[in-house]
1. Which residue pairs have Cβ atoms closer than 6 Å, lie 6 or more positions apart in sequence or on different chains, and pair a first residue in region 65-76 that is among the charged types (D, E, K, R) with a second residue that is open to solvent by less than 10 Å² (accessible area, probe 1.4 Å) and within 8 Å of ligand 2 (Cβ to nearest atom)?
2. Considering each residue of region 60-85, count those that are more than 13 Å from ligand 2 (Cβ to nearest atom) and surrounded by fewer than 18 Cβ atoms within 10 Å (Cβ to Cβ), and give that number.
3. Taking A106 as meeting all but one of (1) part of a strand (DSSP E or B); (2) open to solvent by less than 10 Å² (accessible area, probe 1.4 Å); (3) farther than 21 Å from E234 by Cα, write down the number of the exception.
4. Can you run down the residue pairs with Cβ atoms below 7 Å, 6 or more apart or on separate chains, where the first is in region 222-236 and open to solvent by less than 30 Å² (accessible area, probe 1.4 Å) and the partner is part of a helix (DSSP H, G or I) and modelled with pLDDT under 95?
5. What about G39, is it at positive phi and either within 16 Å of ligand 1 (Cβ to nearest atom) or in contact (Cβ under 8 Å) with a residue 40 or more places away in the chain (or both)?
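The values are calculated or read from the model by the stated rules, or taken from the named source; none is laboratory data. If you're wondering where the values come from, they're calculated on a predicted model, not measured in any experiment. Every residue, glycine as well, gets a Cβ built from its backbone with ideal geometry; the counts of neighbours run over all protein chains shown. In case anyone asks, the SASA skips ligands and DNA or RNA and just uses the protein heavy atoms, side chains included. Shrake-Rupley method; radii C 1.70, N 1.55, O 1.52, S 1.80 Å.
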Amino acid sequence: MPERQKTKLVPVPSPNLIPERDVDKSPILEAQHLGIDFGGLTAVNEFNMAIGRTEIAGLIGPNGAGKTTVFNLLTKVYQPTRGTVLLDGKDTHNMNTVQVNKAGIARTFQNIRLFDKLSVEDNVKIGLHNQMKYGTFSGLFRLPAYWRGEKAAHERAMELLSIFDMQDLAGVKAGALPYGAQRRLEIVRALGTNPSLLLLDEPAAGMNPSETAELMDNIVKIRDTFQIAILLIEHDMSLVMGICEGICVLNFGEIIAKGTPEEIQNNPEVIRAYLGSGKEA
Ligand SMILES: Nc1ncnc2c1ncn2[C@@H]1O[C@H](COP(=O)(O)OP(=O)(O)OP(=O)(O)O)[C@@H](O)[C@H]1O
Ligand SMILES: [Mg+2]
């Protein structure tokens with residue numbers, strides 16, 4: 001794997017860091033004092049993070065640290081108990097999951113969520129649905145606008161599938177794909193909604209080392225091609241340290257460190273959190 005260019009992180013207002021190249025533009029996302037309690041359990045507390053417009057950021061931490069819960073807060077699967085999420089400077093507190101997606105956040109899930117019985121192409125088209133230009137009436141009666149929309153959707157789906165060289169699989173049922181390909185399809189489907197921030201929850205889980213290496217290159221390629229921000233949760237440290245520019249470490253729902261891969265790898269508290277978890281993370 002070629003050595004990737006090192007990024008310098010710079011402070012932005014609030015206790016946050018973003019890559020130097022994004023600093024002239026406001027962060028795409030800012031979480032401020034974000035937190036949620038489940039009954040007596042505080043799953044996430046005082047979560048503060050900014051993500052630059054074209055940053056690849058990482059969210060790591062031992063099992064049960066609260067990483068997926070952060071994604072659920074950002075995408076409004078859960079309403080936060082405390083704190084604010086600014087997406088492109090706009091407060092999302094009144095938005096639901098669909099509105100947050102339309103406003104620019106797309107995600108994949110730790111447990112893959114595809115329509116197993118639908119084809120690969122149809123799974124991608126579902127993601128495109130919120131961009132379709134024809135109305136229900138045109139769709140119902142198969143008017144010309146519908147067919148134009150369908151042709152455009154087909155072309156767009158194939159274009160997106162080509163990111164992972166998956167065009168040949170367009171007609172295959174999603175449930176019949178090998179595990180790694182299902183994970184890639186989820187990313188393609190998320191990209192179909194035209195996000196400005198893509199959240200990936202353990203994209204390399206279940207992949208073999210060569211698939212993981214290829215995925216790393218493709219995540220960078222996606223960022224470069226679409227000029228979007230990506231926040232990823234991952235236990236595979238080769239991936240996290242290889243492509244993330246800013247990394248945020250959670251432990252028991254709280255941030256214990258933020259910084260570049262070098263800073264995180266040398267942070268004694270991070271090392272303690274991982275060794276203390278008794279798990280290879
Ligand atoms: N809906 C819920 N109700 C109650 N507790 C929850 C809920 N969702 C998450 N939790 C709890 O919040 C904590 C954080 O869980 P979360 O799934 O965010 O961890 P994680 O960092 O993603 O872990 P992993 O690496 O294993 O995926 C856990 O203690 C979990 O049991
Ligand atoms: Mg999780």
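1. Going by the 6 Å Cβ cut-off, the qualifying pairs are K67/I233.
2. 5
3. (3)
4. I222/I163
5. yes
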